[in-house]
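These notes are about the structure you will find just below.
The values are calculated or read from the model by the stated rules, or taken from the named source; none is laboratory data. Note that the structure is predicted; figures quoted are calculated from it, not measured. Every residue, glycine among them, receives a Cβ derived from its backbone with ideal geometry; neighbour counts consider all protein chains shown.
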Amino acid sequence: MKKEKILVITLMLTMLSLLFTRAVLSNTISTHGIELSEYENDIEELKKKNAVLKEEVLVKSSFTHIDKVASTSGFVASKAPFVISNSVPIARKQ
Amino acid sequence: MTWRYRFALFFFFTIFLLILSRLFYWQVVRAEELSSMGESQYGRSIKLIPERGEIKTSDGFPIAANKITYLTFANPKEIKEKEKAAILLSQSLSLDVATVSANLALDRFWVALKSGVDGKTKEKIEKLDLPGVGFEKHTVRFYPEASLAAKLLGFVGKNDDGEDTGYFGLEGYYDRQLRGKFGRAAVVNDAYGRPILAKMNNRSSEINGRNLMLHVDRSIQFILEKELLSGVERYGALGGMAAVMDPKTGSILAMASYPSFDQGNYSDYPTEYYTNPLISYSYEPGSTFKPLVMAAAIDSHAVKPETVCTTCGAPVQIGEYQIKTWNDEYKDDLTMSEAIQLSDNTGMVYAAQKMGLDRMLQYFKKYGIGEVTGIDLQGEMAPEVRAKDSWYPIDLATASFGQGISVTPIELLSAFSSIANDGIRMEPHVVAAVEEGDEIIKIPKKELGRTISASTAKVMTEILVKAVQRGEAKWAAPKGYRIAGKTGTAQIPIAGHYDAEKTIPSFIGFAPADDPKFVALVVLDRPTTSIYGSETAAPIFFEVAKKILTYYNIPPSE
């Protein structure tokens with residue numbers, strides 16, 4: 001009889017502790033979905049900014065743009081080929 | 001008592017019927033609609049669109065990338081001051097007030113106002129704080145170098161399902177590599193519309209498209225396009241095309257043609273502008289074909305460079321036809337080497353006759369004439385070489401100087417480059433590697449076979465160097481460099497005869513002759529200032545060659 005009592009009390013305690021844990025956990029994570037959603041929005045926003053900056057960098061470093069800027073700044077192409085070949089080491093010159 | 005009983009029974013039965021009919025209405029008649037409404041409240045499934053892979057030139061610059069644009073839309077039912085909104089929106093979106101006004105007057109919940117709106121314009125409109133105006137994000141193809149290499153790249157359009165699809169050039173050929181795979185995400189909300197954490201990971205990730213790393217050198221591409229365009233304008237040509245290739249690997253370093261189009265606004269151009277003539281257009285190559293025939297004749301021991309032509313003192317008679325030289329001047333003691341230098345048709349006929357049809361066709365096969373080269377671009381074609389039994393003596397004669405036989409420019413470039421590569425023909429290739437995340441899959445170079453022996457290639461190179469130094473185009477060649485090349489002036493066959501005033505002038509060559517770094521072909525379409533290759537295509541070729549040699553840091557050798 002005593003054993004049965006202990007068993008019932010143990011089971012009830014286990015049940016109560018599990019219910020309590022569940023309530024605590026549910027409460028803790030209930031707002032995480034919103035947080036995660038906010039993080040995802042932040043990531044998306046940063047990705048957008050990155051894409052816009054990348055686009056600007058690509059346009060400004062394109063030869064088409066550089067050529068346009070160079071010609072409006074008064075630069076002209078060299079008429080004669082001018083080649084700087086690798087210099088021979090001094091030891092080899094002697 | 002009985003009537004009360006009956007009344008109660010009737011009352012409950014009527015109520016029961018009413019409930020039943022209402023249930024039938026909700027559960028059967030409006031079942032689908034309510035089910036979708038419930039699903040939309042509970043959550044939704046989103047199609048995750050992968051980002052299309054980039055196309056990068058050899059310096060790692062994305063010549064085809066992606067950018068974010070917005071579709072601006074409005075809900076006319078939410079906009080109260082429609083006239084004011086139409087004026088403000090038309091100013092920001094650069095649209096007619098009447099167009100915007102007409103859209104806002106529609107009795108709809110959603111109307112599209114303008115697509116392709118950039119981020120700055122979006123921010124400007126958002127600051128106006130107009131009710132009922134919204135934006136939908138889209139990723140579109142973006143070409144930072146504008147129309148540079150347009151025909152090489154192709155463009156991205158929509159398929160029947162409204163999905164991005166590559167057409168023509170690399171976008172078309174490598175579409176499956178570039179497009180990636182769609183993913184799906186299930187977003188589930190609670191009763192207040194807040195996302196439920198447990199369901200947020202319920203997604204199959206999209207796989208972004210792979211990047212392509214090209215052999216194309218952005219600097220050479222830029223040089224080639226600039227020089228070709230200026231040449232087309234200077235010589236009043238209808239169009240022009242040019243390609244630069246590394247003969248040792250088959251790598252395409254640059255490819256350009258005019259008229260061209262803007263890939264970002266491709267629909268504004270005629271569809272015939274989309275095709276790349278370097279791989280899809282066949283023409284009679286004229287004298288640029290002569291080096292191939294002469295190399296074959298020397299390689300097969302039919303002639304030697306110093307062999308004297310015994311029939312070149314006058315026009316050559318073949319049946320009812322007479323073969324003349326381009327300037328109607330004839331040399332009794334013309335050698336085979338001189339036949340190339342002076343671009344003498346009679347000398348070429350002599351070499352071809354000595355070689356014979358069988359051997360000439362065998363060499364055509366080795367050069368890949370009549371076959372596609374296998375270049376990795378969408379739309380390559382190759383005109384067939386006619387069957388042996390339909391060749392007549394006049395056909396053998398005219399083919400020796402590049403008339404009566406058609407090739408594509410890439411076919412000619414591929415065959416000619418074997419002379420610059422000790423007789424080995426390489427498969428032309430545009431893509432060097434495919435990049436997927438950190439993994440880079442290199443595409444190996446491919447030998448297509450030997451066309452001529454290495455010694456014949458050396459002999460032919462010397463002949464071609466002399467052709468540049470002593471030929472008609474010597475005035476345009478950069479001083480101090482040994483360049484091997486040949487001019488060509490092909491007449492266009494129209495209604496069974498050749499029109500002498502309408503020509504396709506060209507120049508093909510490689511440099512430096514002793515250790516070729518590039519082989520290039522320049523072709524113009526019906527120039528008006530001069531009909532000759534030496535006065536039109538050759539100067540363009542030499543200007544390009546000079547700039548490439550300087551770019552490669554190669555000093556003059558002489």
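So that you can scan it fast, the table gives a plain yes or no per residue for (1) under 35 Å from the mean Cα position of the chain (by Cα); (2) at pLDDT 90 or above:
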site	(1), (2)
B:P305	no, yes
B:C312	no, yes
B:I318	no, yes
B:Y321	no, no
B:G347	no, yes
B:A351	no, yes
B:E371	yes, yes
Matching residues, the range A:29-48, being facing chain B (nearest Cβ under 9 Å) and more than 16 Å from B:E51 (Cα to Cα):
A:I29, A:S30, A:T31, A:H32, A:G33, A:I34, A:E35, A:L36, A:S37, A:E40
Quick check, is B:A399 crowded, with 17+ Cβ neighbours inside 10 Å, assigned to a helix (DSSP H, G or I) and without any contact (Cβ under 8 Å) to a residue 60 or more places away in the chain?
no
Could you list all residues from the range B:268-285 that are in contact with a strand residue (DSSP E or B) (Cβ under 8 Å, 6 or more places away or on another chain), part of a helix (DSSP H, G or I) and either without any contact (Cβ under 8 Å) to a residue 12 or more places away in the chain or surrounded by 24 or more Cβ atoms within 10 Å (Cβ to Cβ) (or both)?
B:L278
Can you tell me which residues in the range B:424-440 are over 14 Å from B:K56 (Cα atoms) and modelled with pLDDT of 95 or more?
B:I424, B:R425, B:M426, B:E427, B:P428, B:H429
Having 2 or more residues that are surrounded by fewer than 16 Cβ atoms within 10 Å (Cβ to Cβ) and of a type in the set (G, A, S) is the bar; report the helices (runs of 4 or more DSSP H) wholly within the range B:51-144 that clear it.
B:97-104
State the number of residues belonging to the range A:49-63 that are out of contact with any strand residue (DSSP E or B) (no Cβ under 8 Å at 6 or more places or on another chain), part of a helix (DSSP H, G or I) and at the interface with chain B (Cβ under 7 Å from one of its Cβ atoms).
2
Sort through B:K442, B:K446 and tell me the only one that's closer than 30 Å to B:L178 by Cα and in contact with a strand residue (DSSP E or B) (Cβ under 6 Å, 6 or more places away or on another chain).
B:K442
Looking only at residues that are hydroxyl-bearing (S, T, Y) and assigned to a helix (DSSP H, G or I) in the range B:5-49, which one is surrounded by the most Cβ atoms within 10 Å (Cβ to Cβ)?
B:Y42
Which numbered condition B:I419 misses (of (1) of a type in the set (A, V, I, L, M); (2) surrounded by 24 or more Cβ atoms within 10 Å (Cβ to Cβ); (3) part of a loop (DSSP other than H, G, I, E, B)):
(3)
Just wondering, is there one or more residues in the range B:236-247 that are assigned to a loop (DSSP other than H, G, I, E, B), among the small types (G, A, S), crowded, with 18+ Cβ neighbours inside 10 Å and over 15 Å from the mean Cα position of the chain (by Cα)?
yes
Looking at (1) assigned to a strand (DSSP E or B); (2) in contact (Cβ under 8 Å) with a residue 40 or more places away in the chain; (3) touching a strand residue (DSSP E or B) at 6+ places or on another chain (Cβ under 6 Å), which is the one condition that is false for B:K502?
(2)
List every residue pair whose Cβ atoms lie under 9 Å apart, where the two residues are 6 or more positions apart in sequence or sit on different chains, the first residue falls within the range B:26-41 and is closer than 16 Å to B:V188 by Cβ, and the second residue, located anywhere, is modelled with pLDDT under 85 and polar (S, T, N, Q).
B:E39/B:S45; B:Q41/B:N189
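Quick grid of which residues meet (1) buried (at least 22 other Cβ atoms within 10 Å of the Cβ); (2) more than 12 Å from every other protein chain (Cβ to nearest Cβ); (3) small (G, A, S); (4) under 20 Å from B:I252 (Cα atoms):
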site	(1), (2), (3), (4)
B:A513	no, yes, yes, yes
B:V522	yes, yes, no, yes
B:T528	no, yes, no, no
B:E535	no, yes, no, no
B:I540	yes, yes, no, yes
B:E543	no, no, no, yes
B:K547	no, no, no, yes
B:T550	no, no, no, yes
B:S557	no, no, yes, no
Among the residues that make up the range B:322-340, is at least one of them farther than 24 Å from B:A467 by Cα and outside any loop (DSSP other than H, G, I, E, B)?
yes
From the option list B:A457, B:A500, B:A467, B:A484, single residue qualifying as closer than 21 Å to B:S400 by Cα, crowded, with 24+ Cβ neighbours inside 10 Å, of a type in the set (G, A, S) and more than 29 Å from the chain's Cα centre (by Cα) is B:A467
